[in-house]
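Just below is one structure, and these are the notes that go with it.
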Amino acid sequence: MIDFIKNINNFPRNTETTNRIQLEKKSGKNIYETICILEKISQKINNKIKEDLYSKLEEFNLMNKNNLEEIIENKEQIELSRFYEKLPKPTSISIQFLLKNKIKI
């Protein structure tokens, strides 16, 4: 999963306009079918990101259960949250995967 996140971290974070014709040529299908397929792929990507984030956050929960009296600000947890907030949206990731020939439709 870490390799997956490193790969998507290089993708643009801002929304970009994508040429419809280019998407159709890459997928070999019409735009409606392409969008439906990309939506399913983006759901899978989103689930992978969530699983990874939850597993990392669970480590912090285990540490805090031992110290219920003392709740402190955890800088590592804040950095982790910021990292995941800055990741591109799953829809953008799926489009980039298609454009860079990392997936076949």
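The values are calculated or read from the model by the stated rules, or taken from the named source; none is laboratory data. Given the structure is predicted, the values throughout are model-derived calculations rather than measurements. Because the Cβ atoms are built from the backbone with ideal geometry, glycine has one as well, and the counts that use them run over all protein chains shown. Heavy atoms of the whole protein, side chains included, go into the accessibility calculation; ligands, DNA and RNA do not. Shrake-Rupley method; radii C 1.70, N 1.55, O 1.52, S 1.80 Å.
Couple of notes before you dig in:
- Only one entry in GLU24, GLU39, GLU33, GLU51 is in a helix (DSSP H, G or I), over 27 Å from TYR84 (Cβ atoms) and open to solvent by 80 Å² or more (accessible area, probe 1.4 Å), namely GLU33.
- Taking each residue of region 19-33 that is under 16 Å from PHE97 (Cβ atoms) and looking for partners that are hydroxyl-bearing (Ser, Thr, Tyr) and modelled with pLDDT of 90 or more with beta-carbon atoms closer than 6 Å, six or more apart or interchain, yields LEU23/THR34; SER27/THR34.
- Number of positions in region 10-21 that are at pLDDT 85 or above, of a type in the set (Val, Ile, Thr) and surrounded by 10 or more Cβ atoms within 10 Å (Cβ to Cβ): 1
- Any hit, region 66-79, residues being at pLDDT below 85 and surrounded by 12 or more Cβ atoms within 10 Å (Cβ to Cβ): yes
- Lone qualifier among ASN46, ASN7 - being of a type in the set (S, T, N, Q), at pLDDT below 80 and surrounded by 13 or more Cβ atoms within 10 Å (Cβ to Cβ): ASN7
- Among the candidates GLU24, GLU51, GLU33, GLU39, residue that is at pLDDT 90 or above and either β-branched (Val, Ile, Thr) or touching a helix residue (DSSP H, G or I) at 6+ places or on another chain (Cβ under 6 Å) (or both): GLU24
- Qualifying residue in region 11-21 (condition: more than 16 Å from the chain's Cα centre (by Cα), among the β-branched types (Val, Ile, Thr) and part of a helix (DSSP H, G or I)): yes
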